[in-house]
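For reference, the structure is listed below as structure tokens.
The values are calculated or read from the model by the stated rules, or taken from the named source; none is laboratory data. Given the structure is predicted, the values throughout are model-derived calculations rather than measurements. Backbone-built Cβ (ideal geometry, glycine too); neighbour counts: all protein chains shown. Protein only, heavy atoms only, side chains kept; ligands, DNA and RNA dropped before computing areas. Shrake-Rupley method; radii C 1.70, N 1.55, O 1.52, S 1.80 Å.
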Amino acid sequence: MAENRGVVFLGQNKVEVQSIDFPKMQNPAGKKVGHGVILKVVSTNICGSDQHMVRGRTTAPTGMVLGHEITGEVIEAGSDVEYIKVGDLVTVPFNVACGRCRTCREQQTGVCLNVNPGRAGGAYGYVDMGGWIGGQAEFVFVPYADFNLIPFPDKAQAMEKILDLTMLSDILPTGFHGAVTAGVGVGSTVYVAGAGPVGMAAAASAQILGAAVVLVGDMNTDRLKHVADVGFVPVDLREGDNLGELIEKILGKPEVDAAIDAVGFEAKAQGKNGQEAPATVLNSLMSVVRAAGGIGIPGLYVTEDPGAADAAGKTGNLSLRFGLGWAKSHRFYTGQTPVLKYNRQLMQAILHGRIPIAKIVNATVISLGDAAEGYKAFDSGAAKKFVLDPHGLLGK
Ligand SMILES: NC(=O)c1ccc[n+]([C@@H]2O[C@H](COP(=O)([O-])OP(=O)(O)OC[C@H]3O[C@@H](n4cnc5c(N)ncnc54)[C@H](O)[C@@H]3O)[C@@H](O)[C@H]2O)c1
Ligand SMILES: [Zn+2]
Ligand SMILES: [Zn+2]
């Protein structure tokens, strides 16, 4: 039996690389299927979404293999796979999607109806997302391969840009989805909440969509410096508790055309105290977005948060000033990103040198064996996007 190793969640703030089973051509219910492939993982990234689980802020079970951001080479294809071939180097959307249900047919692959008995939407290595085994590993099983996978047109060219292309599995489409659903277009003024990798990807996306100016707010010194280094306008949220006033100092008025929440439910309050305040981003975005503007919300909100400060938060109830958004005719767009809607176009943008996403998120390669250190450094707020290199193929 071939061997495999993967990053296993062992409880709050504890992950470890362990021996795990070599992938089988079967779904989480144990049914043998012919529509999937086994991938040798070429790159797999650590995400802020993983951190919610590792910090103990979800009901993720221990023993779960983590990892939903996967790029790999097909080493075995199931009997029903017709178009994906052994040897293809492919990007894997983090969503597991069947391609056959009503929502998949509507391109809403983030909420596929057939891949998770518990609720709509599946993903690899993620709590409540159907039990698909994660890809922070040497090898992983990917179902519905013909539907989900996009092979890169030229493997040698792809390996040269692999640190950019690895962002297609999640954060680049996620940032792009945030910007598109916020209504960003030519000449827009844009505020992005959060200078983590998703916020940086949203900023890069706003830029290629034609934004006039992109502000990125955070309270992390290293990340704010990185925002400026790659050409966006940092907003240091420690300088005051009123977002509009901080924006006015830069733009001359306390308003933007579009805003993106790239923080989610573990948001901290602005200003000096910095306590956790789960609704703060949504409330402040309603206060600064223009009337009839849009708010894209890729930042993750949960239905169960065992680590919440109060009873309401434990079931994902937020103290939202919804009336403000209503009065301004705002539109809100939530949910898991339907990666397949965007990843082909963004792949072309990368291959043709239009979006240097690896630089913008500061992609940083580490070995699979160093995953626990990577989780720790990312949790402490490093201005980096960690890319795991399970087979030493990334040349770093
Ligand atoms: N919708 C999706 O499909 C999808 C996909 C990927 C990630 N996500 C989510 O996107 C969010 C961001 O991911 P990431 O990897 O960049 O995470 P991250 O934790 O690295 O970044 C979040 C940043 O927000 C900052 N922050 C905290 N409070 C803030 C506030 N009030 N205003 C502005 N910034 C604040 C933090 O200092 C941190 O730098 C997470 O919630 C993640 O789960 C969603
Ligand atoms: Zn992710
Ligand atoms: Zn489906």
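The figures follow:
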read-out: The chain, relative contact order [Cα under 8 Å, separation at least 6], %; value: 17
read-out: Trypsin sites (Lys or Arg not before Pro) restricted to DSSP loop in segment 248-298 with at most 13 other C-beta within 10 Å; value: 272
read-out: Long-range HN-HN contacts of residue 263 with modeled amide H, under 5 Å; value: 299
read-out: Two-site label geometry, residue 391 and residue 327: point separation in nm, points 7 Å out along Cα→Cβ; value: 5.8
read-out: Per principal axis, descending, Cα span of segment 314-396 in whole Å; value: 53, 37, 21
read-out: Fraction in percent of alpha-carbon pairs per bin - 20 Å, the chain; value: 29, 59, 11, 0
read-out: Protection proxy ranking of 307-317, 90-100 - average other beta-carbon atoms within 10 Å, highest first; value: 90-100, 307-317
read-out: Charge sum, other residues only, whose C-beta stays under 10 Å from residue 291's C-beta, Lys/Arg counted +1 and Asp/Glu -1; value: +1
read-out: For residue 60, residues with placed amide H under 5 Å, excluding near neighbours; value: none
read-out: Share of pairwise Cα separations in segment 1-97, more than 23 Å, in percent; value: 31
read-out: Cα→Cβ-extended label distance, 7 Å offset, between residue 40 and residue 100, nm; value: 3.1
read-out: Residue-averaged [θ]222 nm for the chain, counting only DSSP H segments that reach four residues, each worth -39500 (n - 2.57); value: -7000 deg cm²/dmol
read-out: Under 11 Å, Cβ to Cβ, from residue 138 - net charge with Lys/Arg +1 and Asp/Glu -1; value: 0
read-out: √(5λ) per eigenvalue of the Cα gyration tensor, segment 176-333, largest first, Å; value: 23, 18, 15
read-out: In segment 72-167, the GluC sites (Glu not before Pro) that fall in loop regions by DSSP, at most 13 other Cβ within 10 Å; value: 82, 106
read-out: Extension reserve of the residue 62-residue 10 stretch, reckoned as 0.36 nm per residue once the Cα distance is removed; value: 18.2 nm
read-out: Of all accessible heavy-atom area on segment 176-333, the percent that carbon and sulfur account for (1.4 Å); value: 54
